[in-house]
Structure formats: structure tokens, C-alpha cells
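Data block below; observations after.
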Amino acid sequence: MSVNKNNNPNDFPLYLFYQGKNYEAYKFFGVHSKKKGRGKVFVFRVWAPNAVSVSVVGDFNGWDRAANPMYLIADGIWEAEISKLKQFDAYKFSIEAQDGRILMKADPYAAHYETRPGTASKIFESGFQWSDSKWFDEKKNKSIYKSPVNVYEVHLSSWKNYGDEKFLDYVTFAKEIIPYLQKMSYTHVEFMPLTEYPYDGSWGYQVTGYFAPTSRYGTPDDMRKMIDMFHAAGIGVILDWVPAHFPKDEAGLYEFDGTCCYEYTDDRKKEHKAWGTRVFDYGKAEVCSFLISSANYWFDQFHVDGLRVDAVASMLYLDYDRQEGEWAANIYGGNENLEAVEFLKHLNEAVFLKHPDALMIAEESTAWPLVTKPTDIGGLGFNFKWNMGWMNDMLSYMSLDPIYRAFNHDKLTFSFFYAFSENYILPISHDEVVHGKCSMINKMPGEYEQKFASYRAFLAYMMAHPGKKLLFMGQEFGQMKEWDYKSQLDWNLMDFDSHRDLLKFSEKLNKFYVENPPLWQNDDSWNGFSWISNDDYKQSIISFRRIDDNGDEIIAVCNFVPVERREYRIGVPQKGRYKLIFNTDAAEFGGSGITESSFKSDSVPMHGHDNSISMTLAPLSVIYLKFAPVKRRTTSAKDETKAAKKPAAKKTAAKTEAAPKAKTTAKKTAAKADEASKAKPAAKKTAAKKPAAKTSAAAKKTKTSAKKTPSAKDK
């Protein structure tokens, strides 16, 4: 690096920028005001290393590139000072390329943009005052790993709108959705990208403004207000963030100074042809500073709680969506993009250095190892990963006609064998309900009522499965059609009993999840999970235990076929009575309500336990059970004093009166004991287990969660 002035205060931020370690580059680049004399000037800075000349053009100078030329202050860094500007003035950089072309580019570090179809950047200086210190103080005192995480994924334009591209603004959206999220017990809201993007059909995944919230819904301070409102309501905010690629829009990062500036120059690495986008060059330190600064910006300036990093698999593999001959191996002959690997490690280290309680969530669709492990042991350094393998297996399983589920039992059970290899989030996201994949309710086979029963069973199974939870908007009430970014959700479905009942079910299931630590306190450890039965494939039934730090536990029993199972028996860890605490087949949810409310254990050994219980399982149902120890009444000192004061005659009379009752009770107990001794153990009716070798083979089974193919959302 060479700098034109001695003792330049810009030397240090520029030095860090060239090292790839300026994690707040947005404070230097872009446009910022400063005092000068009695007034103030606006300082513009941009990185355009191969430009011949650069000027600032805008409303204020008639878009005349001769009016405000920029000057080199370091290698590739251009600067200009302009006075008499105001909030919301539009501007661009006019860049003269080496081949003589004049390019009109938006500011890569702009804080605000024109609303599409406009592409100019806008001057914006925030005056927002935050009021969420209580939220962050509370976050510091709890572990996210030991907390319930139930995420509601939302596309702001299409949750609700007024039609004809008339969207709710940031603040109105918050006012509308916050009471709904609170009622439904969601702990976090996750937004599909709100970084500025030109094309609605990309859903935000083709970004042009990495430091600007989209102006579709208001100003940057409107978005700040929205997030402040979520925090006041006790709801965390996660943003989708896209460091994998960017669009080839003329005003964006694409060949920014007439050359491959932000993207790779190598034809075998620089483009995702299926998506029509360019790939960031992770080997350039300046690009790393840009991207890491963007990530930090949303934590620093917008108080978000987490970033869900999109399309990580496309970054990790050199051959991602490329045919033979279209990619080149790394220096070790492998297909790993070593530069991207180092960038991701660097990214996570930098974010957690400043924001130790951040959520950094990887959408990584392959079996890449150690995604959520620390970088010092070879991990990528994220703290959560979407479990795409579980999602693919379960949606495939649930879509099957139940008659075939017995032959695909491994799809139901395999995810449990690797459930603790990473810190997982179980996602049912927007990607699963678009482009011919149909809505979740319509993935379920069978007649109308059977679809709802099957879907309720799936959701309850999902809640009991280890891992945090995520559900895309509309699936909580059974949106019938595929998601369409142009139209709002089908809220009119609330006129129908089945959908109202499903919404009530989702509300109660979510609340149950949040209020019961066994379902979330040990999501990342075998300490929180134990199989009861995983091999009753003939009846498509599984049962397992979820356990919290205090040893309290919930037993889940899942029946995935439309057949009622009478006297179905499972082993239980304690002798006594087990209470039914949640039932997907309850009448209030539209079910039959045939299952008993409690179950007394028998001394019938099963599933490695000395005791077992017998029950009736409704078709396509999941039940949760909890051990209910008998509460014995202890005699208090006060009771003893009262008893001592009573006359002896009265005591005798009381005993005499009580005797017939005691005798009657004894007879009933004896009768029950006699019946129990005569009853044949129902265990014989439970299907035989699979041979141990088969279970072992399933445990050893290795598979890639999802093919390395691009998502339709990015095309």
C-alpha cells in the first residue's frame, strides 16, 4: 500500500482494509459528513483499483461527472469532499474504465438506495435512538444453546399486503405481526433478505446493497424502529445474508471498475451460470474486508441477533453446479475452495469477537464436517447449521403413501444418529413450498382430514426431535397453495374449521415447546435424548425420551400410519403412572380424542426397562407423556396437635366409620391385582424388532443431505 500523505489518519483503516481485517470498513467508505469551518462537508470514498478516473454525480450537480472529480488517496482508493448536500440526495460514482467506457455505479457501501426500479444511492445519516438495552442485558445472562429457539421465517412483502405491490412498511409490519408472534410463542423472526436488491423475483437473494435495508418498506431508521419493537416484545431478529454471489446488474458490484473487482477473474470460478450471478473473490483481502464489515454492520448498526448465511455449500465447493472441465482443483487436487473456507472462518471469528452472543447460522446442504465447531479445532466457526438432511428425509417420508413407510423407516430414524454432530436447526423453509414442491399440508397423502392428522403428527414429531426449530410463514395454519412472493398468505382460510383448528394446534404446540425444557435444554447432547424403540418399522412407530438438566423428561410416541394401535406397549424408565400431556389427535384439534389420559406401568420388562405401559395410539398421531409420581400427604405438626385435642371416643368412632370404606377399597385393589395377574402381557402384540444387524447398518449409513445443486430461489 502507498499513501500520498504523511501521518495520514486514514493510514490505519486503509492498512486493515488491505489486510482483509477492517471489520468496520463502512465507517471509512461510502459517504460521511464531517465538520469543516462553520459548516460541514460530505466525504465520499470508493475502492476502484483499476479505474482511470472517478467522479461523484447526483441530483446536486446535474449528474455532471466534471463537477465533482475524486482523487486517489491510496492505491485504488478515491475520495472527494462536497458541501451543501442534504439527507436523501441521490448519487452514483461515474467511473472511467481502462477501455474508455463510463460506468454509472451505485455506492457499494451506501446506507440507503432509491426504490426500484431506481438504482441510485442516497445520502442517509441515522438519528435513531435505541431503547433495547434490557433485551441485550437479558441475552447476556442466558445461553442460546440452553434456550428454546422457535423461528418464524417470513417474507415481508407477502405475509400481508394490500395488493398491487402495496406492502406494509417496516413499522406497520411490526405492529401487525408482533401480537401474532407472541400469541404463537415464536422466539425469533427470520427475514428473507432485507438488504437492497433490484429484482423482486429473486426474493432478496441477489443483493446490490450490502449495507442498506431495502427502501421498499421505508428508511433505514424505519427498519431500526421495527427491530427495536421486536426486542421490546421479547422477540429476536435474524436476517438472511448472502456472501456467496451477487447479480450482474449494471449499477451493482458487477465488474465495478470495468474489471473483475469484487468477483474472481478465473472463468472457472467467477460465475454461477444457473443463477446468472458472479462469485465473490475470497482471495482478495479488500473483498473480505467488505463482506465481514457488512456482516458486522447489521449487528452494530441494526442490532440484529443473528445472520443466516445463505448458500454456504456453493462457496465451499469449486465444482458446485459445474460440469467436468468447468472447474479446476485446488493445490491439493481436491474440490474444496480453500479461500472460501478461510473466509468463513475469518468471518465467524470477526463477528464473535465483537458480538459473542450472535447467531451465525449456516445454510449448508452437504455433509461438510465441523460446520458449527470452533475454528481452532478445524471447524468453520458457525454456531448453528440448518439440518437439510433431516428436512429432505422427513419430507420424503411424509410424502409417501403410509403403506410404503415401513420400507423407508430409515428416513424417519437416520437423523437421530447424527443429531448431535452439529448444533442443528430443523428447517421447514420457503424453499420447500415453492416451484412445484407444493405446500406442507399438500405434501401429506390421503383425504382431507388425513392430511391434517398427518401434518399435526409431523409438527409434533419435529418439536420433539433434537434441534432448534424453524417454520416458514403460513405453514402454521395449513396454507393450501404454494408460496407466491407476489400475493399475501391465504388468511381467508381462517373461515374454515380445519385451518382454525390447525392454527390452534400450532399455538398450543409452540407454547408447550417453550414451556418444557426437556424439548430444548439438551439439543446438542446425548444427555438430552434416549431411544425407547427405533426399530418397529412394521408398524411405523417410534418412541423416545427427551431429558432436561434436572432429569425431568418427556416421552414421545409417534404413529405414522392411519391405523389405530390398541394395547401398544413400550418400556418406561420408572415404575408408576404416566400422564398424557399433549396429543395431536385431541378433539379440540379436529382429532378423535380416543387415547387415554394416563397409563399405569406394569412389571413387564421391555425395551431395556423393567417396566412398561400399554396404550391406544390413534391413527397418524403423536403423544407426549410425562411421569406423574404419586403425591403422598404428609402429616403436619398442626394436624398432630389437632388430633391430640380430639376426645378418644370420637377417634374410635372415626375409625369405625372409616373401616367399611377401607374394606371396600381393599376389595377393589385385590380385584384389580387379580385382573392384572390374569391379563396376558400386551407386549406380545408389539411387532418384532428388526435384526440388530439392520439397525447397525442404518447407524453406519453415510449419505449426503442434499445434492450440490442451486436453489430455485436464486435463478
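Just to compare against my own numbers: the Cα pair-distance distribution for region 117-214, 10 Å bins, whole % per bin, please.
12, 34, 38, 15, 2
Give or take rounding to whole Å, what are the principal axis extents of the alpha carbon atoms in region 258-322, in descending order?
Computed over region 258-322, the largest-to-smallest principal extents equal 38, 25, 18 Å.
Summing Lys, Arg as +1 and Asp, Glu as -1, what charge do residues with Cβ under 11 Å from the Cβ of ARG65 carry, ARG65 excluded?
So the surrounding residues net to -1.
Quote the charge dipole size of region 449-535 about the Cα centre in Debye, to the nearest 20; the model charges only the Cβ of Lys and Arg (+1) and of Asp and Glu (-1).
The dipole of region 449-535 has a size of about 100 debye.
Using square roots of five times the C-alpha gyration tensor eigenvalues, list the equivalent-ellipsoid semi-axes of region 85-174 in whole Å, biggest first.
37, 21, 16
According to a simple spin-label model (label point 7 Å from Cα along Cα-to-Cβ), what is the distance in nm between SER598 and LYS481?
5.0
Of the accessible area of the chain, with the probe set at 1.4 angstrom, what percent is carbon plus sulfur?
Here carbon and sulfur together make up 51 percent of the probe-accessible area.
With +1 on each Lys and Arg Cβ and -1 on each Asp and Glu Cβ, how big is the dipole of region 57-188 about its Cα centre, in debye rounded to the nearest 20?
For this selection, approximately 680 debye.
Where does the charge balance sit around CYS261 when Lys and Arg score +1, Asp and Glu -1, over other residues with C-beta under 12 Å from its C-beta?
In short, -1.
Whole number in Å², please: accessible area per residue of region 527-574, 1.4 Å probe, ligands, DNA and RNA not counted.
Per-residue accessible area for region 527-574 comes out at 33 Å².
Leaving out ligands and nucleic acids, and using a 1.4 Å probe, what accessible area per residue does region 32-147 come to in Å²?
52
Which one, LEU395, PHE60, VAL207, projects farthest toward the positive side of the charge dipole computed for the chain from Cβ point charges (K/R +1, D/E -1)?
Checking the options against the dipole of the chain, the answer is LEU395.
I want the antiparallel fraction of DSSP beta bridges within the chain, as a percent rounded to 5.
If we restrict to bridges inside the chain, about 75 percent are antiparallel.
Using the Karplus curve 6.51 cos²θ - 1.76 cosθ + 1.60 with θ = phi - 60°, work out ³J(HN,Hα) for each residue of region 614-626 in order, rounded to whole Hz, and write x for Gly and Pro.
Rounded to whole hertz, the list is 10, 8, 9, 9, 5, x, 6, 9, 10, 10, 10, 10, 9.
Mind jotting down the distance between the C-alpha centroids of region 415-432 and region 294-358, whole Å?
19
Limiting things to C-alpha atoms, what are the Rg and the maximum Cα-Cα separation (Dmax) for region 487-592, in angstroms?
16.6, 54
Any chance you could look up the accessible area of MET480 with a 1.4 Å probe, heavy atoms only, rounded to 10 Å²?
MET480 has an accessible surface of roughly 50 Å² with all protein chains in place.
What is the helix-to-structure angle for 388-399, meaning the angle in degrees between its Cα long axis and the longest Cα principal axis of the chain, kept from 0 to 90 and rounded to the nearest 10?
50
With axes computed from alpha carbons, what is the tilt in degrees of helix 448-464 against the longest principal axis of the chain, rounded to the nearest 10 within 0 to 90?
80
Would you mind giving the average projected area, over all directions, of the Cα convex hull of the chain in nm² with one decimal?
That works out to 41.3 nm², a quarter of the Cα hull's surface.
Could you state how much accessible area SER365 has, in square angstrom rounded to the nearest 10, with a 1.4 Å probe and all protein chains kept in place?
SER365 exposes around 20 Å² with every protein chain in place.
Any idea of the accessible area per residue across region 302-381, 1.4 Å probe, to the nearest Å²?
Using a 1.4 Å probe on heavy atoms only, each residue of region 302-381 averages 38 Å².
Looking at region 193-259 from every direction and averaging, what is the projected area of its Cα convex hull in nm²?
Over every viewing direction, the Cα hull of region 193-259 projects on average to 5.2 nm².
Rounded to the nearest 10 degrees, what's the angle between the helix 338-354 long axis and the longest principal axis of the chain, both from Cα atoms, 0 to 90?
Taking Cα atoms only, the helix is inclined about 80 degrees.
Taking region 315-365, how much of its Cα-Cα pair set, in percent, is spaced more than 13 angstrom apart?
Within region 315-365, distances greater than 13 Å cover 65 percent of Cα pairs.
Going by average Cβ neighbours within 10 Å, how do the peptides 410-417, 540-547, 348-355 rank, with the highest at the top?
Those peptides, ordered most packed to least, come out 540-547, 410-417, 348-355.
Given an 8 Å cut-off on Cα distances and at least 6 residues of separation, report the relative contact order of region 59-190 as a percent.
About 15 percent, as a whole number.
Can you give the relative contact order of the chain as a percent, counting alpha carbon pairs under 8 Å and 6+ residues apart?
Relative contact order of the chain: 11 percent.
Sum -39500 (n - 2.57) across every DSSP H segment of at least 4 residues in the chain, then divide by the residue count to get the 222 nm mean residue ellipticity, nearest 500.
-8500 deg cm²/dmol
For the chain, give the magnitude of the charge dipole about the Cα centre (Cβ charges: +1 Lys/Arg, -1 Asp/Glu; no others), in debye to the nearest 20.
The dipole of the chain has a size of about 4660 debye.
Might you work out the accessible area of VAL630 for me, using a 1.4 Å probe with all protein chains in place, and round it to the nearest 10 Å²?
Approximately 120 Å² for this residue.
Could you tell me what % of all Cα pairs in region 8-92 have separations over 22 Å?
28
The values are calculated or read from the model by the stated rules, or taken from the named source; none is laboratory data. The shown structure was predicted, so the numbers you read here are calculated from the model rather than taken from an experiment. Don't worry about glycine lacking a Cβ; one is built from the backbone with ideal geometry, like all the others, and counts go over all protein chains shown. Heavy atoms of the whole protein, side chains included, go into the accessibility calculation; ligands, DNA and RNA do not. Shrake-Rupley method; radii C 1.70, N 1.55, O 1.52, S 1.80 Å.
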